[in-house]
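The values are calculated or read from the model by the stated rules, or taken from the named source; none is laboratory data. Since the structure is predicted, the reported quantities are computational estimates derived from the model, not experimental observations. So basically every Cβ, Gly included, is an ideal-geometry build from the backbone, and we count neighbours across all protein chains shown. Please note that ligands, DNA and RNA were not included when accessible areas were found on the heavy atoms of the full protein model with its side chains. Shrake-Rupley method; radii C 1.70, N 1.55, O 1.52, S 1.80 Å.
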Number of protein chains: 2
Amino acid sequence: MPLAKPVRVAAQALNDGVPDARERILAAARRSFATVGFDGAATRQIAAEAGVAQSLLLYHFGSKDALWRAVMDQLFEGLASRMAEAARASQGGNVRQRLLAAIGAFIALCAENADIHRIMTIEGRQASPRLTWLVERHLRANHAYATGLIQEGQASGLIRPGDPTLLYYSFIAIAGTAFSLAPEIALVSQSPKVVDPVAIEALIAALLFLEG
Amino acid sequence: MPLAKPVRVAAQALNDGVPDARERILAAARRSFATVGFDGAATRQIAAEAGVAQSLLLYHFGSKDALWRAVMDQLFEGLASRMAEAARASQGGNVRQRLLAAIGAFIALCAENADIHRIMTIEGRQASPRLTWLVERHLRANHAYATGLIQEGQASGLIRPGDPTLLYYSFIAIAGTAFSLAPEIALVSQSPKVVDPVAIEALIAALLFLEG
DNA sequence: CGCTATCTTGATCAATCGATCAGTCCCTGT
DNA sequence: ACAGGGACTGATCGATTGATCAAGATAGCG
């Protein structure tokens, strides 16, 4: 296992548009874990999608479990930077503005790539060492931050009263489901329509806020 | 493959509380498909949960794919009977009463067993022969019925305007997600709380209806 | 009793699984 | 020029996958 990423890798990633093997493996693994789950994903299929040998994937990450954790760390790092940017852009604003900024940032993230929502809705449905790891490493902090924001909104009479955790998961459900199930929606509605993030935001506002 | 179910099976299922092997296989398969997905499910694990040999599962259903389709037929048969009962109980009522009856029936179904929501949110995220089969055999009719009901509500000014398909999937998202992710919610909130169907119904009402 | 149809099991198949290891390629520093 | 080391591949391991098949178990019917 390499301890430090060599400089050559970053240089190569900048020179041509093709990211280096490690990043390609991470991207392919994210897609596989998101669509067929951890147990359904095959390391050989991931390696083939990344265009590398199967053994390289274990060379870089050590095991399938460790690869999965690396994917989750990358996903939640992207989420954290998005949410931090939204918080920074709306700092100084009132509760409603800060809430809307956070909501919009999460919707935009799911609209660009719903894989984080897909993986979470797979891993969250049964207790497992992976779920425990996820909760302690990433979910607990996000849940605490979000429910804190929700309770702030409830205290100022902005947000509908009720269990903040249920509001939090209902928000995530609306924000992510339509993007996660895009293939099914396209097939059922018999049109390759793309889900409109603005429409999603309006639905979430109706769900959370007391007054339109 | 047996063409007709022998009488002895039903009699045995009524005599003692233990359902016959075929039903136990279906139940175990439903749980496996719902938690780890089709690719992640192992026929030997399903057979072990049902307390039978692995070969018996292929004797009754022919293949893993056919077993999956049998599970889906059973799930959607249960859904259809629930929705039909709700429609019958609310027939003659106004649009709002019929909508609330349908919403409440679906929430109750997810609260009792979220496996149908879990399986759908796995299969709907990527095009596959299974998804095509699902859409043509079950989903298209349900989608048409639900969006028809929604458009009826929109025409009478009851339901929020907007794409009926998006409203439909947002409704399903709220109705099912909290139950599907019960293990994660329990872990994150550090309390073995059960999700309250009444609270879910209130959130859906806020999402769909224009006036409380 | 014996015959037949259905249900059920255990052995076994080729294919694929995650993982290990020896060895090759190529860049870097001296 | 030449070692040294990280990146990468191909072969291979035992275990597990879905599937097939022959044989046994059980009940109903004559």
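All other residues whose Cβ lies under 15 angstrom from that of B:Gly93 are scored, Lys and Arg at +1 and Asp and Glu at -1, for a net of +1. Taken per residue, the accessible surface of the protein assembly as shown reaches 46 Å², heavy atoms only and a 1.4 Å probe.
Of B:Val194, B:Val36, B:Val135, the residue with the greatest mean-square motion in the GNM of chain B, using alpha carbon springs below 10 Å, is B:Val194. When the accessible areas of A alone and B alone are added and the area of the pair subtracted, with a 1.4 Å probe, the result is around 4200 Å², both sides summed. Using a probe of 1.4 Å, the accessible surface attributed to A:Arg24 totals some 70 Å² when neighbouring protein chains are kept in position. Farthest towards the positive end of the charge dipole of the stretch B:65-208, among the residues B:Val95, B:Ser189, B:Leu109, is the Cα of B:Val95, using unit charges on the Cβ of Lys, Arg, Asp and Glu.
Toward the positive end of the charge dipole of the stretch B:116-212, about the Cα centre and with charges on Cβ (Lys, Arg +1; Asp, Glu -1), which of B:Ala141, B:Gly157, B:Ser128 goes farthest? Highest projection toward the positive end goes to B:Ser128. When the Gaussian network model of chain B links Cα atoms closer than 10 Å, the mean-square fluctuations of B:Glu201, B:Glu77, B:Glu184 top out at B:Glu184. A point 7 Å from Cα along Cα→Cβ stands in for A:Ala141, and the other copies hold the same point at 5.0 nm, listed in rising order. Across every direction, the projection of the convex hull enclosing the Cα atoms of the stretch B:65-208 has a mean area of 9.3 nm². Here B:Lys193 is the anchor, and the aspartates and glutamates within straight C-alpha reach of less than 20 Å, apart from those fewer than 8 places off in the same chain, are A:Glu123, A:Glu136, A:Asp163, B:Glu112, B:Asp115, B:Glu184, B:Glu201. The shape of the protein assembly as shown comes out oblate: with a ≥ b ≥ c from the C-alpha gyration tensor, a/c is at least 1.5 while a/b does not beat b/c. Answer rounded, prolate or oblate for the stretch A:17-62, using the Cα gyration tensor with square roots of eigenvalues a ≥ b ≥ c: rounded when a/c is under 1.5, else prolate when a/b is larger than b/c, else oblate. Here the stretch A:17-62 falls in the oblate category. Annotation: B:Tyr59 carries an accessible surface of approximately 130 Å², with a 1.4 Å probe and no ligand, DNA or RNA atoms counted.
Annotation for the stretch A:136-212 versus the stretch B:178-212: alpha-carbon center distance of 12 Å. Atom-type composition of the exposed protein surface of chain B places 57 percent of the accessible area on carbon and sulfur (1.4 angstrom probe).
Structure remark: mean-square fluctuation, Gaussian network model of chain B, C-alpha springs under 10 Å; the largest value among B:Ala186, B:Ala47, B:Ala34 belongs to B:Ala186. Simple point charges give the picture: +1 on the Cβ of Lys and Arg, -1 on the Cβ of Asp and Glu, and for chain B a dipole about the Cα centre of about 340 debye.
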